[in-house]
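Peer 1: Take a look at this one; I'll ask things after.
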Amino acid sequence: MPATLASAAVWLAVAQPDAGSPIRFAYQPIDFTLDSCETPERHAPETMAGGVAVFDANNDGHLDIFFTNGADIRTLRKSDPKYRNRLFLNDGKGYFTDATDKAGLAGTGYDTGVAVGDFDNDGYKDLFVGGVHRNTLYHNNGDGTFTDVTQKAGFVSKPDTEFGPLWSVGGAWVDVNNDGLLDLVVVNYLAWNIDTEPACPYQGHREYCHPKFYKRTPSQVFLNLGNGIFKDVSAEAGLRAHPGKGMGIGVADFDLDGRMDLFIANDKVYNSFFRNVGEKGRVKFEEVAFETNVALRENGEFISNMGVDFRDLDNDGYPDISIVALDDETFPIFRNNGKGEFTDATKDSRMAGLSLPMAGYSPTIFDFDNDGWKDIFVTRGHVQSLLAAPRIAVEQPNTVFRNIGGGKFAALTAEAGLSVRPPARHRGSAVGDLNGDGRLDVVVTSINAPAEIWMNQSPAGTHWLELALEGTQSNRDAIGARIKVTTKSMTQYNHVTYASGYASSSAGPVHFGLGPDAAATVEIRWPSGILQTLKDVAADRVVHAKEPGK
C-alpha cells in the first residue's frame, strides 16, 4: 500500500450507537499512537502527555490534525521515530495523510500541549508546542511548511531563576491588550526534576506521585511586540505572583467589559482566575478566584482539576466554566450569574451524580446534536498506571454529557457509540467538523494507545451555521469576538477561542446548532468594539465575515 494511504484514516464506521440516541458517534482509526515513554519508575510527565490540535494547516478549507508526542523521559529528546509529533492533512473526504516531514513538525523534545493562533496576522495559523523544560514556536510559512522561530521570538527555554525548569501543558493565544496582535499565555504545571523526584511505592510497585510532592510554578504571559518578537510580562501582568499547578486554561470575557479574562484549572490546589483590568495598553490581571467563587468547589475541598472549557452553557450571554477531575471528585460546573461571580451548579446540573465514578481529562463545550444547546464531551481515563487496576478504573470510555436544557445534563456513553472501543487512558481532545457535514467530530489521544477519531453521526433534521471570522482592526483570527445568533426558536451566544480541554486546541469556525430553524440573525462584537449585524443568514453553511472598518 502506498505510504500516503497507509498513513491515512479511512472512513471505517465500526461503532454501533443506540439508534434512538440524540448524539451518536462512529469510531474511525488514524495511524498515530501516543508514546509517553512509560517506565516502572513512574515519572510524572509519562501520564500527562497527549495534547492534540484540529486546525486548517494549509488553508484549503479542511481541518487537519496535529498530535504532540513524548520523548525519552531521561534525555527529554525524541531519540526514536516513535516519539515524533505528527501532522495529518485532511482531503475533506475522510483521508488523512501524514505530512509531518514536509511540514517540519516532528519536534525534538518531550511535548505535552499545543496552542493554535495566527500571531503575525498573515492568514496562516501558527503553532505553540509546550513541553517538559522546553517550548517551541512554529511559524506557518503558508506553503505547507513550518519554521521553528522559538529563539527569534524570544521564547528561550532556560530555567526560571526562582522556580527552576518549567513544564508547560500548552496555553492559549489571546489579545490581552486589544492591540490587534495575539499574545500568548503559557500554562505551566508543577516543578519536576527527574533526579530529585520522589518515589511513591504502592503494593510492591511505584505509582505516579500525588501533586502535593511537587512545588507550584507560575503561568506566563508573553506580549506580542510585532515583527515576531515577544516579551515575558508575567510579573507586571500579575500572573507570576500566583504560582499554581496548571492543567488547563479557559479564555473568555466573563463580565463583558471588552477584555479577555483567564481561568486556570490547578491540580489539587486553588484554581486561578485572572480578571483583565488592563487599560490604555497596560497589561494587568487581578487574581479573583475566591471573589468570583471558582477557587474551589462548593464543599471547599481540593480536587484534581484537569482540563477546562469556558463558554456559555445556558444561553444567557455569559460564559460558564466546565472542569473535569478524578473519580469521587465530580466534574464541576460554575455558572456565570452575570453579576461578577459564579455559582457552583455541579449538583443542580446533575453533573455531580453523573460524574462521581468517572475520571476525566479533557472537557470540550460544543453543540454535538445541533439543537442550540452546547453539550460537553469528556475524555476519560485515570492518572495512575495500569497496575493500579482493578483497585480503580484506570482505563475508561469517553462520555458526552448532553445539554437537555434547564441547566441539566444527561450522560451518554454506550448510547452514543463511545463504548465500542476498549476503555483507555484518554487524554487530550480537539473538536471540529472534519468532513463538512455540519456535525462536530472529536479527535482523542490515549496514553500508549492509538488515537481515536469520533465521527458525529447524530440524526439529521436539525440545522447549523458556522462563522469564520477575519479581523482587520482586531487580530486576524478574531479571538475574543463575541457572537450572538438569534432564530425564531432561541437566542444563543459563543465567542472565538481556540483553547479548550486539556493541552489541546480546537481551531475551526465558530459552530452553532440552529435546531429546526433555517435562518438566523447574527451579531458580532469584534475585539475592537465594532458591532456588525448580518440579517437573514441562511443555515447549513459556513459564513465568512470580515471585520468592517470603523
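The values are calculated or read from the model by the stated rules, or taken from the named source; none is laboratory data. Note that the structure is predicted; figures quoted are calculated from it, not measured. When we count neighbours, we look across all protein chains shown, and the Cβ atoms used for this are built from the backbone with ideal geometry, even at glycine. Side chains included, ligands, DNA and RNA excluded: accessible areas come from the protein's heavy atoms. Shrake-Rupley method; radii C 1.70, N 1.55, O 1.52, S 1.80 Å.
Peer 1: Counting Lys and Arg as +1 and Asp and Glu as -1, each charge on the Cβ, what is the dipole of the chain about the Cα centre in debye, to the nearest 20?
Peer 2: Using only the charged Cβ atoms, the result is roughly 580 debye.
Peer 1: While we're here: With r defined as the distance between the Cβ atoms of Val542 and Leu256 and R0 fixed at 22 Å, what FRET efficiency is calculated, to the nearest 0.05? Let's see the in-between values first.
Peer 2: Working: r = 26 Å, r/R0 = 1.20.
Between Val542 and Leu256 the formula returns 0.25.
Peer 1: Ranked highest first by average number of other Cβ atoms within 10 Å, how do 392-403, 534-545 line up?
Peer 2: 392-403, 534-545
Peer 1: Shape of the stretch 69-153 from its Cα gyration tensor (a ≥ b ≥ c, root eigenvalues): rounded if a/c is under 1.5, otherwise prolate when a/b > b/c, or oblate?
Peer 2: Here the stretch 69-153 falls in the oblate category.
Peer 1: Sticking with this structure for a sec: Ala519 label point, 7 Å along Cα→Cβ, cut-off 16 Å on backbone N: hits in the stretch 461-486?
Peer 2: 463-465, 486
Peer 1: Follow-up. Return the subset of Lys215/Lys245; Lys125/Lys550; Lys245/Lys268; Lys231/Lys284 for which the Cα-Cα distance in this structure is over 19 Å, preserving the input order.
Peer 2: Among Lys215/Lys245; Lys125/Lys550; Lys245/Lys268; Lys231/Lys284, the Cα-Cα distance tops 19 Å for Lys125/Lys550.
Peer 1: Provide, in order from the shortest bin, the percent of all Cα-Cα pairs of the chain in each 10 Å bin, continuing until the bin that contains the maximum pair distance.
Peer 2: Pair shares across the bins are 4, 20, 33, 29, 12, 2, 0.
Peer 1: In addition: How much accessible area per residue does the chain have, in Å², with a 1.4 Å probe?
Peer 2: 35
Peer 1: Could you give the length gained by full extension between Thr491 and Lys158, i.e. 0.36 nm per residue of separation minus their alpha carbon distance, to one decimal place?
Peer 2: 115.1 nm
Peer 1: Still on this structure: If I model a spin label at Cys200 and Glu279 as a point 7 Å from the Cα along the Cα→Cβ vector, what separation in nanometres do I get?
Peer 2: Going from the Cys200 label point to the Glu279 one covers 4.5 nm.
Peer 1: Which parts of the stretch 233-259 would a label at Asp316 reach, counting a residue when its backbone N lies under 19 Å from a point 7 Å out along Cα-to-Cβ?
Peer 2: From the stretch 233-259, the list is 252-258.
Peer 1: Please compute one quarter of the surface area of the Cα convex hull for the stretch 352-508 and express it in square nanometres.
Peer 2: With the hull built on Cα positions only, its mean projection is 10.7 nm².
Peer 1: What are the lysines whose alpha-carbon lies under 17 Å from the alpha-carbon of Lys535, with same-chain residues fewer than 8 places away excluded?
Peer 2: Lys484, Lys488, Lys546
Peer 1: Then there is this: Roughly to the nearest percent, how much of the accessible area of the chain is carbon and sulfur, given a 1.4 Å probe?
Peer 2: Working: 9690 of 19470 Å².
Percent of accessible area from carbon and sulfur atoms in the chain: 50.
Peer 1: Oh, and also: Once you have a ≥ b ≥ c as the square roots of the Cα gyration tensor eigenvalues for the stretch 473-513, tell me rounded if a/c is under 1.5, and otherwise prolate or oblate according to whether a/b is larger than b/c.
Peer 2: It comes out oblate by the Cα gyration axes.
Peer 1: Expected output is a single nm value to one decimal: the length gained when fully extending between Thr33 and Asn141, i.e. 0.36 nm times separation in residues minus the C-alpha distance. What is it?
Peer 2: So the chain would gain 36.2 nm between Thr33 and Asn141.
Peer 1: Which percent of the Cα-Cα distances in the stretch 282-373 go past 18 Å? Let's see the in-between values first.
Peer 2: Values: 1958 of 4186 pairs.
Roughly 47 percent, once rounded to a whole number.
Peer 1: Rounded, prolate or oblate: which one fits the stretch 99-241, using the alpha carbon gyration tensor with axes a ≥ b ≥ c (rounded when a/c is under 1.5, else prolate when a/b beats b/c, else oblate)?
Peer 2: oblate
Peer 1: Need the list of aspartates and glutamates near Lys78 for cross-linking: C-alpha distance under 12 angstrom, and skip anything on the same chain fewer than eight residues off.
Peer 2: Answer for Lys78, where 12 Å is the Cα cut-off: Asp35, Asp111, listed by chain and number.
Peer 1: Sort 158-169, 202-213 for me by packing, meaning the mean count of neighbouring Cβ atoms within 10 Å per residue, highest on top.
Peer 2: 158-169, 202-213
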